[in-house]
Amino acid sequence: MTNSFTKEISKVPEPTLRRLPWYLAFVKLLKGKGEAFVSSTQIAKEINVDASQVAKDLSFVNISGKTRVGYEIDTLINVLEQFLGFTAQHKAFLFGVGSLGGSLLQDSGLKQYGLDIVAGFDIRKEMAGKIINGIPVYHVSDFPQKQKEHNVIIGVITVPVEKAQEVTEQIIAGGIKALWNFTPFRIRVPEGIVVQNTSMYAHLAVMFNRLNSVIHE
């Protein structure tokens with residue numbers, strides 16, 4: 001059944017959803033400096049977008065600013081965190097405990113933003129039994145049993161590219177409903193499965209392309 005939060009968040013354009021965490025990070029910095037209010041103009045200047053765009057983005061969130069004062073920072077932080085789902089803890093399994101996967105297990109910041117990776121899985125038998133940042137690592141064959149114990153619906157995929165589709169199908173069959181895919185392979189999933197692709201290589205290509213343009217100006 002679709003809840004009201006899902007309906008609300010699904011109406012928000014993806015570019016807006018990408019910007020809101022940047023607004024949140026900046027506002028938290030202001031709070032750390034003792035500021036109590038922030039204007040859309042301040043946010044726009046820091047994030048390098050138009051103030052009208054900031055106001056439009058925040059119109060999707062249940063908050064309103066005060067004339068000539070702006071938004072109350074504490075309220076804005078709370079509302080943004082709730083709206084983005086950062087206040088709730090979402091359990092996740094990570095598949096592929098290599099260099100990238102191991103780094104994500106070490107990243108305690110993910111839990112602060114609502115992603116609680118409770119276990120890692122790897123095809124290498126020598127990885128089974130390891131503990132990384134307090135998170136246990138199991139052989140991938142243990143996934144069905146651990147899924148029964150934790151009932152996880154989010155999978156983080158950091159496996160080698162040639163294993164991406166195979167692992168995807170395996171974990172979807174085991175009950176995973178949302179995938180955070182770090183491989184450069186565009187995995188194929190059935191309807192109703194949420195996929196977020198995060199390819200560092202794609203962003204690296206964009207940076208190289210932009211750098212090349214600057215160098216040859």
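Between residue 139 and residue 91, what FRET efficiency follows from the Cβ-Cβ distance if R0 is 22 Å, with the result rounded to 0.05? Before the final figure, lay out each step's value.
Numbers: r = 20 Å, r/R0 = 0.89.
About 0.65, to the nearest 0.05.
Bridges between two residues of the range 90-202, per DSSP, are antiparallel at a rate of about 10%.
At 10 °C and a viscosity of 1.306 mPa s, what translational diffusion coefficient does Stokes-Einstein give for the range 31-129, taking Rh as the Kirkwood radius over Cα pairs? Give it in µm²/s as a whole number. Write down the numbers at each step before the final one.
Values: Rh = 16.3 Å.
Rounded to a whole number, D works out at 97 µm²/s.
Relative contact order of the chain: 13 percent, from C-alpha pairs under 8 Å at least 6 residues apart in sequence. The slack in the chain from residue 18 to residue 178, taken as 0.36 nm per residue of separation less the alpha-carbon distance, amounts to 55.8 nm.
Model label sites at residue 11 and residue 116, defined 7 Å from Cα along the beta-carbon direction, differ in position by 3.0 nm. Annotation: extensible slack from residue 196 through residue 150 equals 14.4 nm (criterion: 0.36 nm per residue apart, minus Cα-Cα distance). As a calculated quantity, the FRET efficiency between residue 211 and residue 75 at R0 = 45 Å, using C-beta atoms, amounts to about 0.65.
Computed about its Cα centre, the charge dipole of the range 90-202 is approximately 80 debye, with only Lys, Arg, Asp and Glu carrying charge at their Cβ.
For residue 45 and residue 67, a Förster radius of 25 Å and the Cβ-Cβ distance give a FRET efficiency of 0.80, rounded to the nearest 0.05. Counting only DSSP beta bridges whose two residues both lie in the chain, roughly 20 percent are antiparallel.
In the chain, a dipole from Cβ-located charges (positive for Lys and Arg, negative for Asp and Glu) runs towards its positive end, and of 94, 175, 32 it is 32 whose Cα lies farthest in that direction.
Expected output is a single nm value to one decimal: the length gained when fully extending between residue 108 and residue 33, i.e. 0.36 nm times separation in residues minus the C-alpha distance. What is it?
Details: separation 75, 0.36 × 75 = 27.00 nm, distance 2.34 nm.
That works out to 24.7 nm of additional length.
Shape verdict for the range 90-202, please, from the Cα gyration tensor: rounded (a/c under 1.5), prolate (a/b greater than b/c) or oblate. Here the range 90-202 falls in the rounded category.
Only the coordinates and a few stated rules stand behind these numbers; no lab work does. Everything numeric here is computed off the predicted structure, so don't read it as measured data. Backbone-built Cβ (ideal geometry, glycine too); neighbour counts: all protein chains shown.
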